[in-house]
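Asker: Below you'll find the structure I mean.
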Amino acid sequence: MHKFILMLFFLITILSCGTDTDAGEFVVGSDYLALDNKVVLIDTVTVEMSTINFDSLVTSSQSRILIGNYDDPVFGKVKSNSYFQLASSSYTLNNGGSDTETTNYVFDSIAMILKYDNYYYGDTTKVQTFDIHRLTQKVKPNSEDDSFYNNSVLSYSDESIGTISYKPRPIEKDSITIKMNDAFGAALFQKLKTREITDFDSFSEYLKGLALVSSTENSSSVIGFHAATSKIRLYYSKYQADTEETPYIIDFTISEATKQFNSISLDKTGTLLQNLPIASSKLSSSLTNRQGFIQSGTGVACRIDFPNIKQLKYISDKGAIVSAELLLKPINNSFSEQYPLADSLKVYVADNLNRISGSLENGAGAYVYGALNKKSDEFNENLGYVIPIGSFLQKEMWKQSDSRSSLILTLPVISKAVNRIVLGDQKHPNNKIQLKIYYTSY
C-alpha cells in the first residue's frame, strides 16, 4: 500500500496531474478482482488538441449532387460545384416503325430536373442561384484510382445554358426544374433527329458532360440532390396539321456514379484557420483561441494527442487502465438550427504525420464512435461527445517504441456534406475537453 502511494505521488510530480480515489462503485473485469485492488480516478492528464487538413477526399460515387455556397461565420467561404456525365437508354426518336415519321418531329423544350435528397446546410430561407455549363473536357479522372476528389475540377464553357434562382425547400418539395437554353436543346434534338448521335460514344463526344456552378453573389446554403434520379429531359412532339401535337420525351441521366463528383472548396482568408498547414502538419489549438475544428467535404479534422500517457505505467509494477472516457464539448453559440450538431463523431487512429492506420476499436474489436450526449441542462454543461478510449490508452501506455498514436476526429458523412463542429480544448474557458481514466493496481 505504501508503495502504491509513493508511486502515485511520483506520477503527480511528473505529469502535474491530480488523482482522486473513486468514491462510487466501479465494476472492473474479473482479471482485476481482488480484495487489495485499488481503483483510482485520474482526471487531469494532459490532452493536446489541434486542427489538420487532409490532402483530399473522394467525392465521386457518393450518389449526391451537392450544390451551393455560403459564408460560414467561423470557417470562411464554403462552396460546392458538381460535375457529371450523362447517358440515355435510347438515342432514337419515337418513329413508330418508320424513319419517315421523324421528319414531322419538332423540338419543344429542354430542362434539368433535380430531385431533393433531404440534405441541406445553411440558411434555406434565402435565395440560391446556380448555372448550368457544358464541359469542355471529358469526365475522366487524372488519378490512377479512377476517383475524383473535393479538389478536382474540370473545364467548362463560360456560356450558361440554364440558370435558376430559388429558395430551397428540400423537405417540403420533391424537386426543382431548371429551364435550359432553347438553342442548346434544339441543337441536341437535331443531332438525334438526323442520326448524327446514335449511341453513347457519339453522344458523349458531342456533350462531354455538365457542370453546376453556384453563384457566389446569391447563395446562403448548400443543397443535396439525388444523383441517380435527377435528369435532363428533352421534350419534343409530332406536328400534324389541324391536330393536337403528341408529346414525347428523352431522358438523360447519370448512369455511372463514378462519373459524378462534387468540387468542395473552403476560402479560409481572415479566419482562425487561414494558416492551416499541409496535411502532414497540424495547427495547435493554442493558436486558434483554444479551439479545434471539424468540417466535412473540405477535409478539416480535429487531432487529439496524449503526450504523457506512457508515464502512467510508473504508478504500479502491476497495473492497468480499466476504462477511460473522453468528453469533447462544442463551443457555445457555434451551433444552431442552421449549423446543427451531428449525432456522432467518427474516430480514427493516426501517426504523427496524420497518416490514418484505421478506425478506433475497443477491446472487443468493435468500432468506437463519439456519441452526442443530448441530456438537457441550463448551461449545456452535459452537452458533448463521449468517446470510450480505455483500450487505446492502455496500448499507448505500454507501447515499447517512442512513437505515439493520435486520434483524428471527423464527422461520419465526410465526403458528401459540409457539416462542421467547433470543439474546446483543455484550456478553453467554458467548454473544456475532459479525460477521465480509471486505473487499477493488482
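The values are calculated or read from the model by the stated rules, or taken from the named source; none is laboratory data. Predicted, not measured: the structure shown is a model, and the values here were computed from it. Glycine gets a Cβ as well: all are built from the backbone with ideal geometry, and neighbour counts include every protein chain shown. Each accessible area value is taken on the protein alone, full model and side chains, heavy atoms only, with ligands, DNA and RNA left out. Shrake-Rupley method; radii C 1.70, N 1.55, O 1.52, S 1.80 Å.
Asker: Let me check against my output: what whole-number percent is the relative contact order of the chain, with C-alpha pairs under 8 Å and at least 6 apart?
Answerer: Relative CO of the chain lands at 26 percent.
Asker: At a Förster radius of 25 Å, what calculated FRET efficiency corresponds to the Cβ-Cβ distance of Lys77 and Glu256, to the nearest 0.05?
Answerer: 0.20
Asker: Any idea of the accessible area per residue across segment 90-162, 1.4 Å probe, to the nearest Å²?
Answerer: 50
Asker: Once phi is turned into θ = phi - 60°, what whole-Hz ³J(HN,Hα) does the Karplus curve with 6.51, -1.76 and 1.60 give for every residue of segment 112-127, x standing for Gly and Pro?
Answerer: The phi angles translate into 9, 10, 10, 8, 4, 10, 6, 8, 7, 8, x, 9, 7, 7, 9, 5 Hz.
Asker: A further question follows. Can you compute the helix-only [θ] at 222 nm over the chain? Use -39500 (n - 2.57) per DSSP H run of at least 4 residues, normalise by all residues, nearest 500 deg cm²/dmol. Spell out each step's value before the answer.
Answerer: Working: 4 runs with 41 residues, N = 442.
Mean residue ellipticity, 222 nm, calculated: -2500 deg cm²/dmol.
Asker: For Val222, what is the net charge nearby, where nearby means another residue's Cβ is under 15 Å from its Cβ and Lys, Arg count +1, Asp, Glu -1?
Answerer: Taking every other residue near Val222 into account, the sum is +3.
Asker: Let me ask something additional. Choose one of Pro429, Leu341, Ile408: the residue whose Cα lies farthest towards the positive end of the charge dipole of segment 329-442 (beta-carbon charges +1 Lys, Arg; -1 Asp, Glu; about the Cα centre).
Answerer: Farthest towards the positive end: Ile408.
Asker: OK, next. Using 1/(1 + (r/R0)^6) with R0 = 51 angstrom and r between the beta carbons of Lys179 and Asn352, what's the FRET efficiency to the nearest 0.05?
Answerer: Efficiency, rounded to the nearest 0.05: 0.40.
Asker: Of the listed values (i) -0.32, -0.65, -0.79, -1.11; (ii) -0.53, -0.88, -0.96, -1.08; (iii) -0.48, -0.79, -0.89, -1.10, grab the one calculated as log10 I(q)/I(0) by the Debye sum over Cα atoms at q = 0.07, 0.10, 0.11, 0.13 Å⁻¹ from the structure here.
Answerer: Read-out taken from this structure: (iii).
Asker: Shifting gears a bit: Read phi for every residue in segment 402-418 and hand back ³J(HN,Hα) as whole Hz from Karplus 6.51 cos²θ - 1.76 cosθ + 1.60, θ = phi - 60°, with x for Gly and Pro.
Answerer: Using θ = phi - 60°, the values come out as 7, 5, 10, 9, 10, 9, 10, 10, 9, 8, x, 9, 9, 9, 9, 8, 10 Hz.
Asker: So, one more: Leaving out ligands, DNA and RNA, what percent of the accessible area of segment 244-370 is carbon and sulfur, probe 1.4 Å?
Answerer: 46
Asker: When the chain is fully extended, how far beyond the present Cα-Cα distance does Ser359 get from Gln338, taking 0.36 nm per residue of separation?
Answerer: Length gained, Ser359 through Gln338: 4.6 nm.
Asker: Tell me which residues come under 5 Å, amide H to amide H, from Ile331 once H is placed; ignore anything under 5 positions away on its chain.
Answerer: Those lying under 5 Å, H to H, from Ile331 are Val422, Leu423, Gly424.
Asker: Also, quick follow-up: Set the Förster radius R0 to 30 Å, insert the Cβ-Cβ distance between Ser56 and Gln137 as r into 1/(1 + (r/R0)^6), and round the FRET efficiency to 0.05. Kindly include the intermediate steps, with their values, before the conclusion.
Answerer: Values: r = 19 Å, r/R0 = 0.64.
With R0 = 30 Å, the Cβ-Cβ based efficiency is 0.95.
Asker: If you don't mind, another one. So what does Thr125 come to for accessible area, using a 1.4 Å probe and Å² rounded to 10?
Answerer: Counting only protein heavy atoms, Thr125 exposes about 90 Å² to solvent.
Asker: Could you compute the net charge surrounding Gln426? Neighbours are other residues with a C-beta less than 9 Å from the C-beta of Gln426; K and R count +1, D and E count -1. Show your work: numbers first, answer last.
Answerer: Values: positive: Arg290, Lys427, Lys432; negative: Glu48, Asp425.
Residues close to Gln426 contribute a combined charge of +1.
Asker: With a point put 7 Å past each Cα toward its Cβ, work out how far Tyr442 is from Lys310 in nm, to one decimal.
Answerer: The answer from the label model is 2.5 nm.
Asker: Hey, can you find the accessible area per residue of segment 190-297 for me, probe 1.4 Å, expressed in square angstrom?
Answerer: Each residue of segment 190-297 exposes 46 Å² on average to a 1.4 Å probe.
Asker: Let me ask something else. At 1.4 Å probe radius, can you tell me the per residue accessible area of segment 302-442 in Å²? Display every interim value, and only then the final one.
Answerer: On the way: 6490 Å² over 141 residues.
Result: 46 Å² of accessible area for each residue.
Asker: Using a probe of 1.4 angstrom, how much of the accessible area of segment 106-174 is carbon and sulfur, in percent?
Answerer: Accessible surface attributable to carbon and sulfur in segment 106-174 totals 43 percent.
Asker: Right, something else. Apply the Karplus parameterisation 6.51 cos²θ - 1.76 cosθ + 1.60, with θ equal to phi minus 60°, to every residue of segment 349-362 and state each ³J(HN,Hα) to the nearest whole Hz, in sequence, with x for glycine and proline.
Answerer: 9, 9, 8, 5, 9, 6, 7, 6, 9, x, 6, 5, 10, 8
Asker: Positive end of the dipole of the chain, charges at C-beta (+1 Lys, Arg; -1 Asp, Glu), about the Cα centre: which of Ile52, Met112, Ala183 has its Cα farthest in that direction?
Answerer: Farthest along the dipole direction, towards plus: Ile52.
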